1. Got a sec? Which of B:Leu285, B:Leu259, B:Leu254, B:Leu304 is loosely packed, with under 13 Cβ neighbours inside 10 Å and in contact (Cβ under 8 Å) with a residue 40 or more places away in the chain?
2. Among the helices (runs of 4 or more DSSP H) contained in the range B:220-321, which hold 2 or more residues that are polar (S, T, N, Q) and in contact with a Gly (Cβ under 6 Å, 6 or more places away or on another chain)?
3. Any residue at all in the range B:81-89 that's crowded, with 22+ Cβ neighbours inside 10 Å and either free of Cβ contacts under 8 Å to residues at least 40 places away in the same chain or more than 30 Å from A:His27 (Cα to Cα) (or both)?
4. Have a look at A:Ala12, A:Ala8, A:Ala23, A:Ala19 and point out the one that is small (Gly, Ala, Ser) and either open to solvent by 70 Å² or more (accessible area, probe 1.4 Å) or within 14 Å of chain B (Cβ to nearest Cβ) (or both).
5. Can you give me the number of residues within the range B:163-173 that are open to solvent by less than 50 Å² (accessible area, probe 1.4 Å) and in contact (Cβ under 8 Å) with a residue 60 or more places away in the chain?
6. Test of understanding: among B:Leu269, B:Leu248, which residue is open to solvent by 20 Å² or more (accessible area, probe 1.4 Å), within 19 Å of the chain's Cα centre (by Cα) and farther than 29 Å from B:Phe75 by Cβ?
7. Have a look at A:Val71, A:Val56 and point out the one that is at the interface with another protein chain (Cβ under 10 Å from one of its Cβ atoms), closer than 24 Å to A:Pro125 by Cα, β-branched (Val, Ile, Thr) and open to solvent by less than 30 Å² (accessible area, probe 1.4 Å).
Amino acid sequence: MSWLFYGAGAVALLATARAVSCAHAVHALLYLITSLLALGLVMLSLGAPFAAALEVLVYAGAIMVLFVFVVMLIDVGPESARQERAWMAPRYWRGPALLAALLLGQLLVLLLWAPEPPAAAALPPLKQLGAVFYGPWLLAVELGSFLLLAGLVAAYHLGRRD
Amino acid sequence: MSLLEHSLIAGGLLGALAGGAAALVWIERRLLGIWQDRYGPNRVWPLGVGQIFADMIKILTKEDWIPPFADRGVFVLAPCIAMAVALLAFAVVPLGPTLHVAADWNVGLLYFLAISSLGVYAVLLGGWASRSKYALLGAVRASAQTITYEVFMGLSLMGVVALAGSFALSDIVEAQRGLWFAVPQALGLVIFLIAGLAETHRLPLDLPEAEHELTGGYHTEYSGGKFGMFFVGEYVGVILISGLITTLFFGGWLAPFGLPEAPLLWFSLKTGLFIGVFVLLRASLPRPRYDQLMGFGWKVLLPLTLANVAVTGAIIVAGAA
């Protein structure tokens, strides 16, 4: 399955690069969605179908829909694309690109000279995954749901009409 | 099974699916005719079957026009997404013990939910790229409606998953040998049916394209083949949801009442029955108002679905103890 991994990985990289460099907001979001789908495929090729399905279901299918929804409502057209292009002048992205390149270099060094590649852990079936989540890690799951509840209450408060 | 054999089966099934969806246009009009005390299209060939081909020729030879103000790339992409998503989601539906388009995955149900959650992009991008008021309003409605009902669509199936103990669709069918899940999961069935109506934007829940207020909604600016793809994609969606209701709640390919086994036949008959139910719902129910639709979803269906999951879980735990 390694050709699938590298193919999907290449698509993900290209799509992400386009998502960053695209001046048109909706087109950039489309590339980002493509990148998330490619990441799903990468997980699938690594033998994690559950994570792949959740990646597509949660990120591409729900969160990104809200992004597109919001961008759609603020009507981006050729006008804002021109403005965006002006913001993409080299002097703005030179610094971040340099730092990101440094990180990439360190990652490559780590990958090339790592003493031993970490063995792929045997992935537990869904039932065991659930048992782990709602057993030893129950507190973390509950804390996560607290955070979501807080977000929900805050959104409700902000959306009140008066 | 060799690769060639596999691709032949997959191609045949998908071709039959697309053909069936085109035929549904005629079947639906005839059924609507019966339920509304009129004939429907009955002129071309016996029973009016030729209407299917007449409609196809008409829609494919019409001028395929892209409005000059539209975002061209996205405008073309949207109907392709509609069709591709509808066909992709069918890949895991088991038509028989060993008969699928693709494979029997152990996360089959999650795959279906993931792929069908992408369907909203077709409507969203189609409406946005058209750059017209009606289309945009339709797209806004469609995305809010689809995101809302996706939640219940997923949650209403968790009772089935808990009872079968698996996300694999063939395991779910096998688990129904004794009793169809339509009986213990009657509430889940009703909620899944409503969510399915909302996901495929079928009447009475077709508010994203409600013609009395939005002319055509998200596909107002579409014509010719691209409109045809939206149109047929919707019918593929109807077949898909009917097939899933059959698989998840009515024993899939299993024979009812101890009759002889004939997997493909039983699956097709049951699915056909639910397609009929979809048409009957269209013929008999008026549209709700949009705020009623959203309010009903969050205030009624969400608590009911959660209660269904909790009660099902409690019964399983009590039974195991």
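1. Result of the check over B:Leu285, B:Leu259, B:Leu254, B:Leu304: B:Leu285.
2. B:302-320
3. no
4. Going through A:Ala12, A:Ala8, A:Ala23, A:Ala19 in turn, just one is small (Gly, Ala, Ser) and either open to solvent by 70 Å² or more (accessible area, probe 1.4 Å) or within 14 Å of chain B (Cβ to nearest Cβ) (or both): A:Ala23.
5. Going through the range B:163-173 one residue at a time, the tally reaches 7.
6. B:Leu269
7. Being at the interface with another protein chain (Cβ under 10 Å from one of its Cβ atoms), closer than 24 Å to A:Pro125 by Cα, β-branched (Val, Ile, Thr) and open to solvent by less than 30 Å² (accessible area, probe 1.4 Å) holds for just one of A:Val71, A:Val56, which is A:Val56.
This table checks each residue for (1) touching a strand residue (DSSP E or B) at 6+ places or on another chain (Cβ under 6 Å); (2) of a type in the set (D, E, K, R); (3) open to solvent by 10 Å² or more (accessible area, probe 1.4 Å).
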{"residue": "B:Ala175", "(1), (2), (3)": "no, no, yes"}
{"residue": "B:Pro184", "(1), (2), (3)": "no, no, yes"}
{"residue": "B:Leu193", "(1), (2), (3)": "no, no, yes"}
{"residue": "B:Arg202", "(1), (2), (3)": "no, yes, no"}
{"residue": "B:Glu213", "(1), (2), (3)": "no, yes, yes"}
{"residue": "B:Ser223", "(1), (2), (3)": "no, no, yes"}
{"residue": "B:Val238", "(1), (2), (3)": "no, no, no"}
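The values are calculated or read from the model by the stated rules, or taken from the named source; none is laboratory data. Being a predicted model, the structure only gives us computed values, none of them experimental. Cβ: placed from backbone, ideal geometry, glycine included. Neighbour counts: every protein chain shown. Note: accessible area is taken over every heavy atom of the protein model, side chains too, but ligands, DNA and RNA are not part of it. Shrake-Rupley method; radii C 1.70, N 1.55, O 1.52, S 1.80 Å.
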